[in-house]
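The structure appears below as structure tokens.
The values are calculated or read from the model by the stated rules, or taken from the named source; none is laboratory data. As the structure is a computational prediction, the values presented were derived from the model and not from experiment. Cβ coordinates were reconstructed from backbone atoms using ideal geometry, including for glycine residues, and neighbour counts include every protein chain displayed. Remember, those area values only see protein heavy atoms, side chains included, never the ligands or the DNA or RNA. Shrake-Rupley method; radii C 1.70, N 1.55, O 1.52, S 1.80 Å.
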Amino acid sequence: MRSETLFDIPSADNWASATVDAILAAASKAISFIQEKSTSLSTTTNASLLLGTVLVVILVRQSFKVSQTKPGEPPLLPGTLPLLGHALSFNKDSNKLYEVARNWSPNQGPVSLSVLGQRIYIILNTRDVNAVWRSKSLLFDSVAEWGLATMFGMSNEGAKAIRGDELGLVNMYQDQHGYWRDALAPGDALNSLTQRFLNCLEKDLAKLDEELRQKGTTTFELREFVRLRLGNQSTEAFSGPKLLEDEPDIVKKLAIWDKDFYKLSMGLPRWMLHHAHKNLDDMVKAWQRMNGAPEVLPPLTTRIGMMGERGCSERDKGAANFSIWMATLANALPTNFWLIYQIMRHPELQATLHEEIAPAFNKENSLVDLNHLLNNCPLLHSMYWEALRWSTGAVSTRSVAEDTEVAGYVFYTGALVMSPMRLVNFDRKVFGPDAEDYVPERFLRPHEPEKGIYNPGVKAVKSFGGGVTYCPGRHFALNEIIAFTASVMRRYDLEFVEGQTEAVVLTSAPVVGTFPADKEVWMKISLKN
């Protein structure tokens, strides 16, 4: 029989909830007292005291919430602040916080974070990442729905309508990766899109050739060069020429969005992020004006037709196509920057690269055999995959739909699960002691772990995610980046402008997929003789 005592002292596990309950009881008495005295207090004072009391209760509740874990949860990373949890560190440099978690966690097991009351489980090793991707109760759907409404300009109603629940239609969140996997898989559809891109690229480089014949050597900033040359031609391949004619700076605006998306993701009122929303609106409206245009890539047109069946607005359709277009460039542009940059930093390899790519071009230096580039250029491909691995900042995110066990821990419903791909791509157990270095021939060298030489193969690179959200655009990304890089190498002489220090990845930058450089990189360009 339970003994009766004057005070019930809670156990350590229940201390926080018991304390909060006691404070709530005290707050309730305080509010009752205020109400009783309301006749002798001014309305303003009464309201202020009541509001203040409620806020104190909320703050205390949140303070305890951020510093406690539930039974079986992954251990909480030390360093939480009242109310904020790890929010300041997460906002300042999330990648550094992930590294701190990896170094602190025994055996690199999952770690809990708390960000403004939101529980986040950080996954730190390849085995657990694969377990998360296999799980059917750790879902991407709600993450995608939230992202469309907060970062891509879709209405809340449109983001919900995509589910198709009320009409008995296919859930577009659940089928989207399968849809785009089929639409962009190797075969006729991918070949058609790639050829559209190659046609646009040839026209653009022919214009650049003529410009350089007149000017001779000129200088350019490498990020801007890749953004406008690759970005614009890739955009035209998806949309046809009208989008760029209507909004010629849309790729530049995407670069601004790339810096703003983190602020947009906070869901702050529009008036607090006026410029970010104005920039986003410009791009969404540009894509909205393309709704139904015959030159738009057929899979995009089919997709917005499905949205029409669900009652989505024309703006929501434009926002959806904007999100797809963004996804095609988010990794491709910075990855192509790093690939060209690393080729220029390794002049000792350029003769081999030129020998590899030469058979793919005719006497006018026009690309005529993409298959050769895709199948007979091992060094170029090794450098491409190494650029992907070395510069990735992608974080694979899932929401916990029901309590789920991963790596012996319980992931509780409502939490988020985040798998930073950079930690996986820099795992020394997989990539060896030089995992943090850019090694051009990493995927060509022998795999001899006993000698400290690791080559796990390109499938070990997780920059494109995995599981049901394995990036369906990865084949087109490879095609366009390899084609663009080889074409630039074949047609032009490039050299660094003197006096520049080495660029490194800016890992403190919040990014969708790939980290940018920490500085501008200026180059000289001229036509090859």
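Here are some notes:
- The set of residues from the stretch 485-505 being assigned to a helix (DSSP H, G or I) and either of a type outside the set (D, E, K, R) or buried (at least 20 other Cβ atoms within 10 Å of the Cβ) (or both) comprises T485, A486, S487, V488, M489, R491.
- Matching helices (runs of 4 or more DSSP H) fully within the stretch 281-361 where at least 3 residues are touching a residue at least 40 places away in the same chain (Cβ under 8 Å) and more than 24 Å from I256 (Cα to Cα): 298-309, 332-345, 350-357
- Some residue of the stretch 199-218 being open to solvent by less than 80 Å² (accessible area, probe 1.4 Å) and in a loop (DSSP other than H, G, I, E, B): yes
- Residues satisfying the stated conditions in the stretch 107-127, i.e. over 12 Å from P74 (Cβ atoms) and touching a strand residue (DSSP E or B) at 6+ places or on another chain (Cβ under 8 Å): V115, L116, G117, Q118
- Elements of type helices (runs of 4 or more DSSP H) in the stretch 364-447, at least 2 residues being buried (at least 20 other Cβ atoms within 10 Å of the Cβ) and touching an Asp or Glu at 6+ places or on another chain (Cβ under 9 Å): 378-391, 421-425
- Restricted to the stretch 131-144, and to residues there that are in a loop (DSSP other than H, G, I, E, B) and either open to solvent by 60 Å² or more (accessible area, probe 1.4 Å) or not hydroxyl-bearing (S, T, Y) (or both), the residue that is modelled with the highest pLDDT is K136.
- Residues satisfying the stated conditions in the stretch 237-252, i.e. open to solvent by less than 40 Å² (accessible area, probe 1.4 Å) and assigned to a helix (DSSP H, G or I): A237, F238, S239, L243, L244, I250, V251
- Residues being of a type in the set (A, V, I, L, M), open to solvent by less than 40 Å² (accessible area, probe 1.4 Å) and part of a loop (DSSP other than H, G, I, E, B) - total across the stretch 168-182: 0
- For the stretch 253-264, the set of residues classified as of a type outside the set (A, V, I, L, M, F, W, C) and either touching a strand residue (DSSP E or B) at 6+ places or on another chain (Cβ under 6 Å) or crowded, with 20+ Cβ neighbours inside 10 Å (or both) consists of D258 only.
- For the stretch 103-130, the set of residues classified as surrounded by 18 or more Cβ atoms within 10 Å (Cβ to Cβ) and in a helix (DSSP H, G or I) consists of Q108, T126, D128, V129, listed by residue number.
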